[in-house]
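Below is one structure, written out as structure tokens, with a few remarks after it.
The values are calculated or read from the model by the stated rules, or taken from the named source; none is laboratory data. The shown structure was predicted, so the numbers you read here are calculated from the model rather than taken from an experiment. Using ideal geometry, Cβ is built from the backbone for each residue, glycine included, and neighbour counts are taken over all protein chains shown. To get the accessible areas, we keep the full protein, side chains included, count just its heavy atoms, and leave off ligands, DNA and RNA. Shrake-Rupley method; radii C 1.70, N 1.55, O 1.52, S 1.80 Å.
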Amino acid sequence: MIGIIVFCHGTMAQGMKHAAEMIVGPQPDFTAIGIEPGHGRQQVSDLLDTAIAGTDAGSGILVMTDLAGGTPCNTTALKMGKGIEMLAGFSLPSLIKALLSRSEVADPRELADLVSRYGRQHMTTGTEMLRACGRVESDHD
Amino acid sequence: MTDNIHVRIDNRLLHGQVVQYWIPFLEVERLVIADDEAANNPAMSTVYRMAVPGTVDLSVVPVNDLAQEIRASKASTILILISDVSDAVRAQKSGLSFDRLVLGNVHATPARTRITDSVYLSREEIDSLMRFRLNGGRVEIQTFPGERLQLEIDDNGDPKWSRR
């Protein structure tokens with residue numbers, strides 16, 4: 001099974017892991033790590049190395065980070081290849097999708113493609129949702 | 001020569017805070033990362049190139065080449081990112097002139113003491129900053145917008161960080 005690491009600023013990753021497991025139950029090979037103020041480049045890199053070592057079940061890892069260009073994203077980008085793929089800007093729907101689809105794809109890159117497409121499609125607004133079920137005729141302006 | 005040069009010390013160099021806030025806020029046209037490790041590691045340079053917004057011109061140079069890089073630039077606003085105080089001192093010795101130094105993120109090590117949650121400094125680093133201050137430079141800690149601390153010298157000649 002492809003391992004999943006969520007890697008964010010502050011405690012977002014731990015919160016996302018908790019939220020996802022409220023929905024799909026406890027998950028194996030699933031690790032949450034976060035950077036804090038006062039962490040340096042090397043410390044962040046070591047944190048990720050430890051998580052990778054603890055999450056790899058032999059089929060590679062998808063590291064889901066919170067923000068393109070942020071430290072979790074940049075640090076992970078330096079470790080790509082060797083069965084590691086990175087995704088930036090994940091959401092709860094995309095994380096759940098990743099957890100539920102990771103046994104059905106060949107490798108982390110395929111999982112990342114699938115999950116990023118899904119994440120982009122699954123952000124919506126109240127009006128869009130009402131419109132989708134026929135409750136809003138036109139924009140109220 | 002560019003008038004508007006911001007020199008920021010940040011061990012994480014280009015990261016979320018810089019990309020999301022400082023680059024748009026300062027209207028940065030050119031970003032120069034001055035770091036020996038990043039300049040000598042093509043993968044690191046690629047990651048920073050990937051992270052920087054498309055409107056910003058990026059170069060990644062060794063610290064000793066920084067002065068020359070800046071002299072050659074015609075950009076209206078330049079943001080320089082440097083890993084730590086000793087590299088900033090080295091940049092200055094190699095000919096870079098600046099009168100304001102901003103500390104964004106300086107990570108904790110056993111030799112450093114906490115100044116703020118994001119900035120930790122060693123005795124040697126504080127001494128370097130005090131020399132810069134005594135020579136007329138301004139030293140500020142500004143990790144986020146809003147909160148800003150300025151290095152001042154108290155009556156005993158000791159460093160004092162005051163809110164402004």
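Extension gain for B:Glu37-B:Glu147 works out to 36.6 nm (0.36 nm per residue, less the C-alpha to C-alpha distance). Check each of the GluC sites (Glu not before Pro) in segment B:1-110 and keep only those in coil by DSSP with at most 14 other C-beta atoms within 10 angstrom; list them in order. Sparse-neighbourhood loop GluC sites (Glu not before Pro): B:Glu27. Principal-axis analysis of the Cα atoms of chain B puts helix B:42-51 at an angle of about 90° to the longest axis. Solvent exposure of segment B:4-163, expressed per residue, is 47 Å² of accessible area, with all protein chains present and a 1.4 angstrom probe.
Dipole of segment B:4-163, Cα-centred, from +1 at each Lys and Arg C-beta and -1 at each Asp and Glu C-beta, to the nearest 20 debye?
Working: 18 positive and 22 negative charges, 34 e Å.
That gives segment B:4-163 a dipole magnitude of about 160 debye.
Could you tell me whether the protein assembly as shown comes out rounded, prolate or oblate from its Cα gyration tensor? Rule is a ≥ b ≥ c as square roots of the eigenvalues, rounded for a/c under 1.5, then prolate if a/b exceeds b/c, otherwise oblate. Note, shape of the protein assembly as shown comes out prolate. The residues A:His122, A:His39, sorted by heavy-atom accessible surface at 1.4 Å with ligands and nucleic acids left out, run A:His122, A:His39 from largest to smallest. Segment A:Glu128..A:Glu36, full-extension length gain: 29.5 nm, with 0.36 nm per residue of separation and the alpha-carbon distance subtracted. Taking amide H as placed 1.01 Å from N in the peptide plane, the amide H of A:Ile5 sits under 5 Å from that of A:Thr31, A:Leu62, A:Val63, A:Met64, each at least 5 places away or on another chain. Assuming charge only on the beta carbon of Lys and Arg (+1) and of Asp and Glu (-1), the dipole of segment A:1-101 about its Cα centre is about 140 debye to the nearest 20. I'd like the distance between the alpha-carbon centres of segment B:1-53 and segment B:86-158, rounded to an integer number of Å. Distance between centres, Cα-based: 19 Å.
If the chain linking B:Phe98 and B:Met130 were pulled fully straight, counting 0.36 nm for each residue of separation and taking away their Cα-Cα distance, it would gain 10.0 nm. Centre-to-centre separation between the Cα atoms of segment A:87-141 and those of segment A:1-80: 20 Å.
Give the value in nm², to one decimal: projected area of the alpha carbon convex hull of chain A, averaged over all directions.
Values: hull surface 41.0 nm².
Its average projected convex-hull area is 10.2 nm².
Seen from all directions on average, chain B presents a Cα convex hull projection of 9.5 nm².
What order do B:Asp35, A:Asp56 take when sorted by accessible area (1.4 Å probe), most exposed first? Write down the numbers at each step before the final one.
Working: B:Asp35 5, A:Asp56 80 Å².
Ranking B:Asp35, A:Asp56 by accessible area, largest first, yields A:Asp56, B:Asp35.
Once the 1.4 Å probe is applied to the protein heavy atoms, chain A comes out at 51 Å² accessible per residue. Counting only DSSP beta bridges with both residues in chain A, the antiparallel share comes to about 5 percent.
With a 1.4 Å probe on protein heavy atoms only, tell me which residues of segment A:62-80 lose at least 40 Å² of accessible surface in the complex relative to the chain by itself. By number: A:Leu67, A:Gly69, A:Thr71, A:Asn74, A:Leu78. Beta bridges per DSSP, both residues in the protein assembly as shown: antiparallel share near 20 percent. Using C-alpha pairs under 8 Å with a sequence gap of at least 6, the mean separation divided by the residue count of chain B gives a relative contact order of 25 percent.
How big a patch of accessible area, both sides summed and in Å² to the nearest 100, lies buried between B and A at a 1.4 Å probe? Numbers along the way, then the final one.
On the way: alone 8600 and 7940 Å², together 15110 Å².
For chain B against chain A, roughly 1400 Å² becomes buried.
Between B:Phe25 and A:Asp107, the modelled label-to-label distance comes to 4.1 nm, taking each label 7 Å out from Cα in the direction of the beta carbon. When a/c is below 1.5 the answer is rounded, else prolate if a/b is larger than b/c, else oblate, so apply that to segment B:83-164 with a ≥ b ≥ c taken from the square roots of the Cα gyration tensor eigenvalues. Rounded shape, in that the Cα axes give a/c under 1.5.
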